[in-house]
Amino acid sequence: MVTALRSPHGRDRARYKHRPLCRRSAAATVRVICDLLGVPHDGAERLHVLSRTIGSRASSREEATAALAGLDEVFLALVEANLREPTDTLIGRVVSEQVATGKLSAPDAAAMFHALFYAGHGPPAYMFGLGTLALLLDPEQLAKFRAMEDPAAITAAVQELLRFVNVSHLGRQRVATVDVTIGGQLIRAGEGILAQPDSANRDETVFEDPDRLDLQREVHRHFAFGHGIHLCTGRALSLIEFEVVFKTLFQRIPTLRLAVPPEEIRFKKDENLLGVHELPVTW
């Protein structure tokens, strides 16, 4: 996994100079989740395209439905293949222990793997772009990050990045089941609300000077991975990915900087996740 995440930039800098960093990020996260699940690499690109179609608000209902069916078809075929000949992969183990024993149906297993693939490559790739941009825009914090050697300090810095930038920028639509008062506001049963989890990451009653990136901040809690029963299943994997990518990137290319003015960076506005279209860098 570490090999997949460590890009060849440091070994072949001339070849990759001036190329958008986000393209490399997406390719790396797709490869990692495919290896973990047991998805052949030759089908990874198609799965990535189908996932993008589902996540894009520009897609029509018909396009999104067709893409969803395409993903389910691919993963159902993998489930059935592992029923015939189990593999030492996540899909293979779940199929052997849950599907083959009748505890889980093949379609339900396929839907679960589809969800894991979707969540396991898009959000991390977008976070790589946003996190790198945040560091490049703050030379003081970037210098501190480059100087970090203690693994615990690096982990804490990544947690602060996750607090500071969040790819899940859309609110959560909920309907109150009973009358409830939050922050002095009465919400009656049946009324709809739009909860904004990432706003909690900038709560001034929890974080001092919350709109400032501070990689030495002690971040004991944030909502980047959700909470409680909705805590992200891939939290541990994501943290490893972020620590490896950010530290390796800035160690191998210490002179990394933006190749365009910050105001020219275009953010994705047509997807369910926040990211940048491209992050042109040079060194």
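The values are calculated or read from the model by the stated rules, or taken from the named source; none is laboratory data. Quantities reported herein were computed from a predicted structural model and do not represent experimental measurements. Cβ atoms come from the backbone with ideal geometry, glycine included; neighbour counts cover every protein chain shown.
Taking the stretch 60-164 as the region of interest, the helices (runs of 4 or more DSSP H) fully inside it that hold 3 or more residues being out of contact with any Gly (no Cβ under 8 Å at 6 or more places or on another chain) and free of Cβ contacts under 8 Å to residues at least 60 places away in the same chain are 61-84, 106-136, 139-147, 151-164.
Picking from R57, R46, which residue would you name as being surrounded by fewer than 16 Cβ atoms within 10 Å (Cβ to Cβ) and in contact with a strand residue (DSSP E or B) (Cβ under 8 Å, 6 or more places away or on another chain)? Lay out the reasoning, then the answer.
Working: R46 fails: in contact with a strand residue (DSSP E or B) (Cβ under 8 Å, 6 or more places away or on another chain).
Exactly one of R57, R46 is surrounded by fewer than 16 Cβ atoms within 10 Å (Cβ to Cβ) and in contact with a strand residue (DSSP E or B) (Cβ under 8 Å, 6 or more places away or on another chain), namely R57.
The single condition from (1) surrounded by 22 or more Cβ atoms within 10 Å (Cβ to Cβ); (2) modelled with pLDDT of 95 or more; (3) closer than 15 Å to L47 by Cβ that L76 fails is (1).
Selection within the stretch 226-265: residues that are surrounded by fewer than 11 Cβ atoms within 10 Å (Cβ to Cβ) and among the charged types (D, E, K, R). The member of this set that is farthest from L215 (Cα to Cα) is E264.
Could you go through the stretch 203-210 and let me know if any residue there is buried (at least 20 other Cβ atoms within 10 Å of the Cβ) and touching a Phe, Trp or Tyr at 6+ places or on another chain (Cβ under 7 Å). No: zero hits.
Which residues, counting only those in the stretch 22-43, are among the charged types (D, E, K, R), surrounded by fewer than 18 Cβ atoms within 10 Å (Cβ to Cβ) and farther than 26 Å from L170 by Cβ?
Of all residues in the stretch 22-43, those among the charged types (D, E, K, R) come to 23-24, 31, 35, 42.
Imposing the further condition that a residue be surrounded by fewer than 18 Cβ atoms within 10 Å (Cβ to Cβ) reduces the set to 23, 35, 42.
Result: D35, D42.
Restricted to the stretch 33-50, and to residues there that are in contact (Cβ under 8 Å) with a residue 24 or more places away in the chain and outside any helix (DSSP H, G or I), the residue that is farthest from L71 (Cα to Cα) is G38. Screening the candidates L136, L162, L194 for the property of being surrounded by 15 or more Cβ atoms within 10 Å (Cβ to Cβ), out of contact with any helix residue (DSSP H, G or I) (no Cβ under 6 Å at 6 or more places or on another chain) and under 30 Å from A67 (Cβ atoms) yields one hit, L162. The residues in the stretch 188-237 that are of a type in the set (S, T, N, Q) and in contact (Cβ under 8 Å) with a residue 40 or more places away in the chain can be counted, and the count is 2.
Pick from the stretch 213-270 the residues that are hydroxyl-bearing (S, T, Y) and assigned to a loop (DSSP other than H, G, I, E, B): which of them is nearest to A200 (Cα to Cα)? So that I can check it myself, show each step before the final result.
The first filter runs over the stretch 213-270 and keeps only residues hydroxyl-bearing (S, T, Y), leaving 233, 238, 248, 255.
Next, only the ones that are assigned to a loop (DSSP other than H, G, I, E, B) stay: 233, 255.
Working: T233: 20, T255: 34 Å.
Taking the candidates together, the pick is T233.
You will find that of R252, R188, the residue that is under 17 Å from I154 (Cα atoms) and more than 21 Å from the chain's Cα centre (by Cα) is R252 and no other. Evaluating D179 against the criteria (1) surrounded by 11 or more Cβ atoms within 10 Å (Cβ to Cβ); (2) in the same structural domain as S60 (by TED's automatic domain parsing) leaves one unmet condition, (2).
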